[in-house]
Amino acid sequence: MTKLYMYKGCDGCRKAKKWLAEKGVDFEEIAIREVTPSKGELKEALASHDMNLRKLFNVSGGDYRSMGLKEKLPQMELDDALELLVSNGNLVKRPFLATDRGCISGFDTVVWEQLVG
């Protein structure tokens, strides 16, 4: 089952939800603040982003800024960064799509087409 981790107040999430519906994709909508992607899903997304850890983080979010992650993230161990994402859905770049073909953070129709097409 395709999972769409999203936040209802996020424009990109609403666009992604609409796009999936228009494509006729059955998906489960998951509130990302309450239920975060699993560590395994985050690792798959990381691979999709050429191991660029920053791409998994909501770098424009208040939690990211208040925690000083811009400075801390480059020195952070991968496992610690993933644990941080699992523990705080506000830190995860959204929307986050998880399918049987892979996972990705952020809404990019070209990449999403490959995962759901």
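Calculate the dipole size of the chain relative to its Cα centre from +1 charges on Lys and Arg beta carbons and -1 charges on Asp and Glu beta carbons; express the result in debye to the nearest 20.
That gives the chain a dipole magnitude of about 420 debye.
Determine the relative contact order of the chain: mean sequence separation of Cα pairs under 8 Å and six or more apart, normalised by residue count, in whole percent.
The normalised contact order for the chain reaches 35 percent.
Toward the positive end of the charge dipole of the chain, about the Cα centre and with charges on Cβ (Lys, Arg +1; Asp, Glu -1), which of P74, N88, C10 goes farthest?
Final value for the positive-end residue is C10.
Describe numerically, in nm with one decimal, the distance between label points set 7 Å from Cα along Cα→Cβ at L53 and at S66.
2.2 nm
Using the reciprocal of the averaged 1/r over all distinct C-alpha pairs, how large is the Kirkwood radius of the stretch 16-115 in Å?
Result for the stretch 16-115 stands at 13.9 Å.
For the chain, can you list the cysteines whose C-beta has no other cysteine C-beta under 4.7 Å from it?
C103
In what order do Y64, Y5 fall by count of nearby beta-carbon atoms within 10 Å, going from fewest to most?
Ascending number of Cβ neighbours within 10 Å: Y64, Y5.
What 222 nm value per residue comes from the helices of the chain, counting each DSSP H run with n ≥ 4 as -39,500 (n - 2.57) and dividing by all residues, nearest 500 deg cm²/dmol?
Theoretical 222 nm ellipticity from helices: -11500 deg cm²/dmol.
Starting from the Cα of K55, draw a straight line to each of the lysines and keep only those under 17 Å, dropping any in the same chain fewer than 8 residues away.
The qualifying lysines are K39, K43, K70, K72, K93.
Return the FRET efficiency for the residue pair N88, K23: r is the Cβ-Cβ distance, R0 is 25 Å, and the value is rounded to the nearest 0.05.
Step by step, r from the Cβ atoms, then E = 0.25.
Taking H placed 1.01 Å from N in the peptide plane, check which residues at least 5 places from I30 or on another chain put their amide H under 5 Å from its amide H.
It is L4, Y5, M6, by chain and number.
Enumerate the calculated ³J(HN,Hα) couplings along the stretch 12-25 in order (Karplus 6.51 cos²θ - 1.76 cosθ + 1.60, θ = phi - 60°), each rounded to whole Hz, writing x wherever the residue is Gly or Pro.
x, 5, 5, 5, 5, 4, 5, 4, 4, 5, 5, 7, x, 7
Any read-out appearing in this document is the output of simple, stated calculations on the displayed coordinates, not a laboratory observation. Here the structure is a predicted model, which is why all the values come from computation and not from measurement. No Cβ is skipped: glycine too gets one built from the backbone with ideal geometry, and neighbour counts run over all protein chains shown.
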